[in-house]
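**Student:** Got a structure for you, questions after.
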Amino acid sequence: MQKTSDVRRRWEAAADAIERYPFLYEQGTWGEPERGWQGWPEVVLMGDGWEVTEATEECNTKACLAGWVCALNGYFPTVRFHRDETSGWLSNPRAGFTWEIVNREPLQMMHDPASRGASGVAAELLGLDDHEEECAFHSHTEWTPDQLRLVAKGRLTPQEVHYGQGWEDDE
């Protein structure tokens, strides 16, 4: 995988973010809040339009590598309807944000034609082919900031991290 300077910077930015905020990184998540939907800012139908409400407590939303790459490169989570446990599926329309599907514009529905899967967007931004994408974003591929930096330098591949091959930095 040939790395352009932009692609290298994206790998390094993801490493920096995960190093700075390790409590907000989890490879096995799709950008969902730690406590489920409770406490997450919601998008609620109010009169003639949608309104974003404040979270009742910190949501601690975690993201995987793909989510971080999207967030660091100008993408936003999309709006996704969810089931209101007290009133039923859509009897009281409520929605939350998901990083599974992203958009360049904020507050877009996940089914908007411009919305795209986070893993595909991140793969393009990181210069990954299909197999590298599968390995890089697999839920069992846990990344360290050092591994991400080695990929940026071309000294490690997503396949090596995914399959557990050596990655120690010899420097």
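The values are calculated or read from the model by the stated rules, or taken from the named source; none is laboratory data. None of the values given here were measured: they were computed from a predicted structure. Backbone-built Cβ (ideal geometry, glycine too); neighbour counts: all protein chains shown.
**Student:** Looking only at region 139-171, count how many residues are more than 19 Å from Pro22 (Cα to Cα), part of a loop (DSSP other than H, G, I, E, B) and modelled with pLDDT of 90 or more.
**Tutor:** Selection size over region 139-171: 6.
**Student:** Go through region 97-117 residue by residue and tally those that are outside any loop (DSSP other than H, G, I, E, B), among the aliphatic types (A, V, I, L, M) and within 15 Å of the chain's Cα centre (by Cα).
**Tutor:** Of the residues in that region, 2 qualify.
**Student:** Next question, about the same structure. All but one of (1) at pLDDT 95 or above; (2) under 14 Å from Leu65 (Cβ atoms) hold for Trp99, so report the exception by its number.
**Tutor:** All conditions pass for Trp99, except number (1).
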